[in-house]
Amino acid sequence: MTFKQTVDDVFLKHPRDVNEHYLEHLLYTVKVAFYLIFTALCAVLHGLCPKILVTTTSDRVIALADKMKEKRKLLQASLDQQKL
């Protein structure tokens, strides 16, 4: 495998498979990471004081999962449309 093929395989193949450019994919993952960090902080605060943020962590995890499932559905529909 050449250097160019290795770079493509390591950095570009997956973003291309999900119909994104490298930077688009990077920005999306950074956004998700910060969302999860904030969610984790909410969980810690709830652990320290169980009366606050009672459903926040689970609500945020479910919301993120729903958004990612919807994104996957849209990607699949786009890929199916390209096959036609």
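Some observations on this one:
- Its Cα gyration tensor gives the stretch 3-83 an equivalent ellipsoid, and the semi-axes of that ellipsoid, as √(5λ) in whole Å with the largest first, are 34, 17, 7.
- Using alpha-carbon coordinates, inclination of helix 22-48 to the longest axis of the chain, degrees: 20
- Using the Cβ of Gln5 as centre and a radius below 15 Å, the other residues enclosed give a net charge of +1, where K and R count +1 and D and E count -1.
- Cα→Cβ-extended label distance, 7 Å offset, between Val61 and Leu27, nm: 3.0
Bear in mind these aren't lab numbers, they're just calculated from the coordinates by the rules spelled out. This one's a predicted model, so the numbers in the text were calculated from it and none came from an experiment. Counting neighbours? That spans all protein chains shown, and the Cβs are built from the backbone with ideal geometry, glycine included.
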